[in-house]
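Participant: Here it is, the structure, as structure tokens.
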Amino acid sequence: QVRLVESGGGLVQAGGSLRLSCAASGITISLNTMAWYRQAPGEQRELVASIRIGGSTNYADSVKGRFTISRDNAKNTVNLQMNNLKPEDTAVYYCSTPGPFFPYWGQGTQVTVSS
């Protein structure tokens, strides 16, 4: 049974930083593509960053240069370091990985950036 549990969200002022973590069980993250998505109120869920099996990464244009996705294989966690946060980064952030029939999702963690 695959389970993804996000943590690290909170309230931060614009320009601040947060580090999100996604603890995975039931899968080995180094053998799967892992991704962070976010969904703001009234908006569609969007891809923020992903990291492939080989370690290559991909970022949404809106977060390039500010966010960094990484893996901690020993802890089986995926992290998202978010720097220079902006009010438009406010959203619920979800960890995800592809499954055989549908993607797996965590429950999400709220990130709120005040101006």
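The values are calculated or read from the model by the stated rules, or taken from the named source; none is laboratory data. The model shown is predicted, which means the values in this text are computed figures rather than measured ones. Note that each Cβ is placed from the backbone with ideal geometry, even for glycine, and that neighbours are counted across all protein chains shown. Each accessible area value is taken on the protein alone, full model and side chains, heavy atoms only, with ligands, DNA and RNA left out. Shrake-Rupley method; radii C 1.70, N 1.55, O 1.52, S 1.80 Å.
Participant: Place a label point 7 angstrom from the Cα of ARG45 along the Cα-to-Cβ direction, then list the residues of region 91-115 whose backbone nitrogen is under 16 Å away.
Facilitator: 91-111
Participant: If you don't mind, there's one more thing I want to ask. Spin-label point model (7 Å from Cα, Cβ direction): what's the LYS64 to THR28 distance in nm?
Facilitator: The modelled label-to-label distance comes out at 3.3 nm.
Participant: Probe 1.4 Å, all protein chains in place: accessible area of SER7 in Å², nearest 10?
Facilitator: Near enough 60 Å² of accessible area.
Participant: Search the structure for amide H atoms under 5 Å from the amide H of ASN84, placed 1.01 Å from N in the peptide plane, and list their residues when 5 or more places away or on another chain.
Facilitator: Long-range HN contacts for ASN84: none found.
Participant: Placing unit charges on C-beta atoms (Lys and Arg positive, Asp and Glu negative, everything else neutral), compute the dipole magnitude of the chain about its Cα centre in debye, rounded to 20.
Facilitator: 240
Participant: Might you tell me the accessible area per residue for region 8-108, computed with a 1.4 Å probe and given in Å²? Each step should come with its number before you reach the end.
Facilitator: Details: 5250 Å² over 101 residues.
On a per-residue basis, region 8-108 sits at 52 Å².
Participant: Now, a different point. What does the extension gain come out to for LYS75 and GLN107, with contour length at 0.36 nm per residue minus their alpha carbon separation? Walk me through the numbers on the way to the answer.
Facilitator: Numbers: separation 32, 0.36 × 32 = 11.52 nm, distance 1.93 nm.
Separation in residues times 0.36 nm, less the Cα-Cα distance, equals 9.6 nm.
Participant: Oh, and also: Using the 2.2 N^0.38 Å rule of thumb for compact globular proteins, work out how region 23-90 stacks up: its C-alpha Rg over that value, please. Kindly include the intermediate steps, with their values, before the conclusion.
Facilitator: On the way: Rg = 12.6 Å, N = 68, 2.2 N^0.38 = 10.9 Å.
Normalised by 2.2 N^0.38 Å, the Cα Rg of region 23-90 equals 1.15.
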